[in-house]
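Step one of this worksheet: look at the structure below.
The values are calculated or read from the model by the stated rules, or taken from the named source; none is laboratory data. Only a predicted model underlies this, so the values are computations on that prediction, with no experimental measurement involved. Glycine also receives a Cβ, built like all others from the backbone with ideal geometry; neighbour counts cover every protein chain displayed. Surface areas here come from the heavy atoms of the whole protein model, side chains and all, with no ligands, DNA or RNA. Shrake-Rupley method; radii C 1.70, N 1.55, O 1.52, S 1.80 Å.
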Amino acid sequence: MRWWARRREQLLFALTTLLLLAGIALATSGVRGAADGSWAAAALLGLAYSTVTLIAAARRREASVDVIAWLALAGALWLGEFLAGAVIAVMLAGGVLLEARAEARARRELSALVARAPRTARRQTPAGPVEVPVAEVRVGDRLVVGTGEIVPVDGRLLEPAVLDESALSGEPLPVERRAGEDVRSGVVNAGPATRFTATATADTSTYAGVVRLVERAQAQSAPFVRMADRFAVAFVPVTLVLAGLAWSLTGDPVRAVAVLVVATPCPLLLAAPIAIISGISRAARGGVVVKGGGALERLAAGRVLLFDKTGTLTAGRPVLTDVVTEVGGPVSADEVLRLAASVDQSSAHVLAGAIVTAARDRGLALTAPDQVVERPGYGIEGVADGRRVQLGKAASVVPGPAPGWIRRARRRAALDGSLTVFVAVGGVPAGVLILEDRVRPQAPRTVRGLRAAGIGRVVLVTGDHADAAEAVGRIIGVDAVHADCDPADKLTLVRAEQERAPTIMVGDGINDAPALAAAGVGVALAARGATASAEAADVVLTVDHLGALADAILIARRCRRVAWWAVVPGMVLSVAAMLVAAAGGLPPVAGAVLQEGIDVVAIAVALTALIPGRAHTVTLDAADAAVARRLYAEHQEVRPLVEQVRTVADALDEPPYDLGPTRKLLGDLEVRLLAHERAEEAELLPIVARALGGAEATSGLSRTHAEIEHQIGRLRRAADDLAQEAEAEDVTDVRRLLYGLYAILRLHNAQEEEAAFSLLS
């Protein structure tokens, strides 16, 4: 039965075509009776197939326009128009085959996602790797993934890996992931064998969630498609009335058969769903799973976009920005970070992952900790290299009055909206780790792209405090900011906006689920796993890149246009052919051939939805991407120098005014930072200019490169004019220059990440 289900369209088309051609050959040879028999057999096959489909539709209690084809075939056989019946049968079989092939082509990306779901995993044991069913993997298992194998469950890497994430993200180039980073199920190991710790079971992993979403998307149809179905069903009585009038007014039943032959509304029945499915497939290729045609149409209609902040407009995972230590203190910043990360290797806390990743990025050698004790909500402590290390809140790590350098670090973090982790070594406060949840570099450009795609209003809705929310809103360019919102507030705001215009709500957390469900279209960011928000949403981004949303909206709108282009001209031609047939100008055979041509054209137009159209996301070629990735790695390496500028300036606020740290910093700025900025000017800016359409797109970055070099030169001259230990009035210019340089560097880094490095996925 499965074989028949897969091949019935091909067999029906092959048999009816062979019988039609055999009849033509027999008629040409003068054997008219045998020819009629061959054509009648083809018509009977078509009649039997349409009878089966009508019975199946009746059992499902669905109306079906196949009744028109059934009447046309029955009429042709009744009137002895055997050739016309055979042509109608071939037309019917051809339409069924075209529909099956077109849908298969349109669903290809979706089906490929489902088909490649991991089935087994290799668990690491003392005796070596053992293959087990993926359903048996438990959280905490250590797994091995060989070259070319699919990662079976979500996890955290124990060593660096090179991964092909194209199945989830659409990114064609392999991506390097560091030890400590999360890895998602469904990606392919494109490098040497690697190990990771499972952080989810198969059922709760990313890929299982994507498969569920895809299956749901395949099961739903669009309002446009349902409208087309209803219109096609309403078309049946109109056709029957016209065929009856043609017969009764002329007394010629052949005209009635001709009307029935050309009346099948195939452009509606085939083209509309194929265009919509093509759009869903196209979006899936870019890492966007749309749960059915209805969601795709509502996405195309959206005019108001509401964003959550944390995890949506920001990265949702803190990164270490600086390590503040006492100037001249007993433990250096790198040593504080190394000891802290060594202990944090044993913690599953989100901040622990950021600290470990930052230490590995700086090339620090971590050691295995001993006597680790973690107190949730307070911190963690353990022994690393024979030294007791404590991490956590100030209350548990810094007993008694805090020294001045810690108070400054705490005040700085409060002003910036950053997180702090305090570190003590041997019971003595040694450093403060400052972490922040940065705005996604591509967020401002994505908002501009969404406006260009037709979004008229952008609203930020967040549970965060007003000052942090307003700062993010200014950076990305929203029209309104609503802060301190709980899930009920978000739901109320979405409903209020929905009354003004069709809405799209974007979020990533459980608290966003009610608002996602209430919006015209809910969009969930599920690149790090399927959550309640993904279940409530209509559209799910499996790629951790907001630009995919703008691309999905462009795809949705283009597919809706293509559907109309395929349907309206096709239906106009069908109606015109019906009128000509009723007037006697189109015999049944010619009508069948004409209708088949209309069907082919309508389906061909619908399939153009698969052709790439205008896109928001800019893609770099392989050579440019490699250069940009190398420069981004250098950009990350020199980033701690930027924060060190502020730390050194802060240390000059009270005597003794030691300029040694300033001169050391200057040396690093002149040797490392300026070399990096010059490399970016020479190599990165031409890439950005090519990608964004001209040198004007990079003029601002080029200007700040020059300003950074100028300010570092001024700082060098000011520092060289002063003694090793200066007086308060002597360091005023040095502090002013340091703070000014820090502001320029921060602004330049933000602009560079938005304009240049956001081009990398």
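Summary of values
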{"quantity": "Alpha-carbon Debye profile of the stretch 622-761, log10 I(q)/I(0) at 0.15, 0.16, 0.20, 0.22 Å⁻¹", "calculated": "-0.73, -0.80, -1.10, -1.28"}
{"quantity": "In degrees, nearest ten, helix 272-285 long axis to first principal axis of the chain (Cα)", "calculated": "20 degrees"}
{"quantity": "In degrees, nearest ten, helix 32-59 long axis to first principal axis of the chain (Cα)", "calculated": "50 degrees"}
{"quantity": "Potential extension, Q636-A48 segment - 0.36 nm per residue separation minus Cα distance", "calculated": "204.8 nm"}
{"quantity": "Y657 long-range amide H proximity, modeled H, under 5 Å", "calculated": "A726"}
{"quantity": "In sequence order, calculated HN-Hα J values of the stretch 639-646 (Karplus, 6.51, -1.76, 1.60; Hz; x Gly/Pro)", "calculated": "4, x, 4, 4, 5, 5, 4, 5"}
{"quantity": "Hull shadow area, averaged, the stretch 393-518 [alpha-carbon convex hull, nm²]", "calculated": "9.7 nm²"}
{"quantity": "Length-normalised contact order for the chain - Cα pairs under 8 Å, 6+ apart - percent", "calculated": "13 percent"}
{"quantity": "Beta bridge orientation in the chain: antiparallel %, DSSP, nearest 5", "calculated": "75 percent"}
{"quantity": "When the convex hull of its Cα atoms is projected in every direction, mean area for the stretch 235-370 (nm²)", "calculated": "16.1 nm²"}
{"quantity": "For the chain, the Rg and Dmax computed from alpha carbons only, in angstrom", "calculated": "33.5, 118"}
{"quantity": "Accessible area in the full protein assembly, largest first, 1.4 Å probe, for V130, V540", "calculated": "V130, V540"}
{"quantity": "Under 5 Å, built H, 5+ apart or other chain: amide partners of V137", "calculated": "A202"}
{"quantity": "Distance in nm between pseudo-label sites at A682 and L364 (7 Å out along the Cβ direction from Cα)", "calculated": "3.3 nm"}
{"quantity": "J(HN,Hα) series, the stretch 424-433, from Karplus relation 6.51 cos²θ - 1.76 cosθ + 1.60, nearest Hz, glycine and proline x", "calculated": "10, 10, x, x, 10, x, 10, x, 10, 8"}
{"quantity": "For the chain, calculated [θ]222 nm from helices alone, where every DSSP H run of n ≥ 4 adds -39500 (n - 2.57)", "calculated": "-18000 deg cm²/dmol"}
{"quantity": "Nearest 10 degrees, 0 to 90: helix 350-361 Cα axis against the chain principal axis", "calculated": "70 degrees"}
{"quantity": "Accessible carbon and sulfur surface of the chain relative to its total accessible area, %, 1.4 Å", "calculated": "59 percent"}
{"quantity": "Calculated P(r) of the stretch 679-738 - Cα pairs past 17 Å, %", "calculated": "53 percent"}
{"quantity": "Distance histogram for the stretch 357-465 (every C-alpha pair counted, 10 angstrom bins, percent rounded to whole numbers)", "calculated": "12, 31, 27, 15, 11, 4, 0"}
{"quantity": "Distance between the stretch 570-615 and the stretch 9-64 - C-alpha centres, whole angstrom", "calculated": "21 Å"}
{"quantity": "Nonlocal amide H pairs with R457, under 5 Å, H built at 1.01 Å", "calculated": "L305"}
{"quantity": "Nearest-10 value in Å² for the accessible area of V289, using the 1.4 Å probe", "calculated": "0 Å²"}
{"quantity": "Burial order of peptide ranges 435-446, 359-370 (average beta-carbon count within 10 Å, highest first)", "calculated": "435-446, 359-370"}
{"quantity": "Accessible surface, the chain, averaged per residue in Å² (probe 1.4 Å)", "calculated": "42 Å²"}
{"quantity": "Accessible area in the full protein assembly, largest first, 1.4 Å probe, for K664, K309", "calculated": "K664, K309"}
{"quantity": "With all protein chains modelled, accessible area of I24 [1.4 Å, Å²]", "calculated": "80 Å²"}
{"quantity": "List R558, R119, ordered by accessible area with a 1.4 Å probe, largest first", "calculated": "R119, R558"}
{"quantity": "Probe 1.4 Å - accessible area at F82, Å² to nearest ten", "calculated": "60 Å²"}
{"quantity": "Under Karplus coefficients 6.51, -1.76 and 1.60, residue-wise ³J(HN,Hα) of the stretch 622-635 in Hz, glycine/proline x", "calculated": "4, 5, 5, 5, 5, 5, 4, 5, 4, 5, 5, 4, 5, 4"}
